[in-house]
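Please treat every number below as a calculation from the coordinates, not as lab data. Source: prediction; values computed, not measured. Note that we place each Cβ from the backbone using ideal geometry, even for glycine, and neighbour counts take in every protein chain shown.
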Amino acid sequence: MEEQKANVRAVERALDILLCFTDATDLGLSEISSRLSLHKSTVHRLLATLENKGFLIRDVETEKYRLGFRIWELSANLTHNDDPATMLLPEMERLRDLVEETISLYVRDGMERIRIQAVQSKQPIRRVAPIGARMPLTVGASSKVLVAYADAAVARELLDDPDWPDFVSRESYVEQLEQIRQQGFATSVEERELGTAAVAAPIFNRNGQLVASIAASGPSNRLTQEKMRQYAPFIKEAAYRMGKMMK
């Protein structure tokens, strides 16, 4: 009985920690401990568990925590108007109708990206984009966007990864990141899947923070480099409007 009570108390405290982020973006160990009137050692253990499960992310430089992208995965089943994946849906549909290709919304989670929303193309032959799919950051237009505009430490960690794919040149990847920062968008052709291409742009919130990447993808024989350059301004404009909707 005592063990059951202890387990329930641990769950309640873990949920209380998550609830601390309802009115704050980043919180440190001391701040959370003070808010909940709990010993730091107790909070530290719970934070480690929540971080390990992906519900929290710790900034290695500031030692502060923020909500992790496991929350985004859970939110795939939400239908509330303030859910970003739902809130941005009208803009994604508008962009889909403009470029006539599948539109996907991605966020970075560690060394991966997650598709948290997608609007399928109406074309008979189209790219099908399942929500919740995880992909590496080494290939793909959205991956390169999420790395190009992230902290420099993200790119360093990625480039130092011993599992870096042999078919991707590190030197070329770094050059592409710089080009993306200059032009404001990224393209990819058959980098992750044969016969597919994509063009993506970053979404910054009202505070100028990178929050996601928006991409149009389709068959590479239709979504040519010329077409992607033609669509890039539309995607960047849509990304700008989306960013203005996000805190």
With θ taken as phi - 60° and the coefficients 6.51, -1.76 and 1.60, list the Karplus ³J(HN,Hα) couplings across segment 235-244 in order, rounded to whole Hz; mark glycine and proline as x.
5, 5, 5, 5, 4, 5, 5, 4, x, 5
Note on segment 82-196: contact order normalised by length, alpha-carbon pairs under 8 Å, 6 or more apart, percent, works out to 19 percent
Could you work out how far apart the two model spin labels at H44 and E237 are, taking each label as a point 7 Å from the Cα in the direction of the beta carbon, and quote it in nm?
5.4 nm
On a 0 to 90° scale, report how tilted helix 170-183 is relative to the longest principal axis of the chain, with both axes built from alpha carbons and the result rounded to the nearest 10.
80 degrees
Given unit charges at Cβ for Lys, Arg (+) and Asp, Glu (-), the dipole magnitude of segment 140-247 about its Cα centre in debye, nearest 20, is 840 debye
Of the candidates V199, V168, A148, the farthest towards the positive dipole end of the chain (Lys/Arg Cβ +1, Asp/Glu Cβ -1, centred on the Cα centre) is V199
Between segment 128-160 and segment 190-227, the Cα center-to-center distance that results, in Å
12 Å
Inter-label distance for A6 and T25, nm, one decimal - labels placed 7 Å from Cα along Cα-to-Cβ:
3.9 nm
With an 8 Å Cα cut-off and a minimum separation of 6 or more residues, compute the relative contact order for segment 152-247 in percent.
23 percent
Given +1 on the Cβ of Lys and Arg, -1 on the Cβ of Asp and Glu, and no further charges, what dipole in debye does segment 42-142 carry about its Cα centre, rounded to the nearest 20?
280 debye
Shape call, segment 128-247: gyration tensor on alpha carbons, a/c limit 1.5:
oblate
Please report the relative contact order for the chain, taking Cα pairs under 8 Å with a sequence separation of at least 6, and give it as a percent rounded to a whole number.
14 percent
Three semi-axes of the equivalent ellipsoid, segment 39-163, Cα gyration tensor, whole Å, largest first:
30, 19, 11
Under 1.5 on a/c is rounded, so check that first for segment 158-203, then, if it is not, pick prolate when a/b is larger than b/c and oblate when it is not; a ≥ b ≥ c are the square roots of the alpha carbon gyration tensor eigenvalues.
oblate
Provide the descending list of Cα extents for the chain along its principal axes, expressed in whole angstroms.
65, 40, 34
Two-site label geometry, D160 and Q183: point separation in nm, points 7 Å out along Cα→Cβ:
3.0 nm
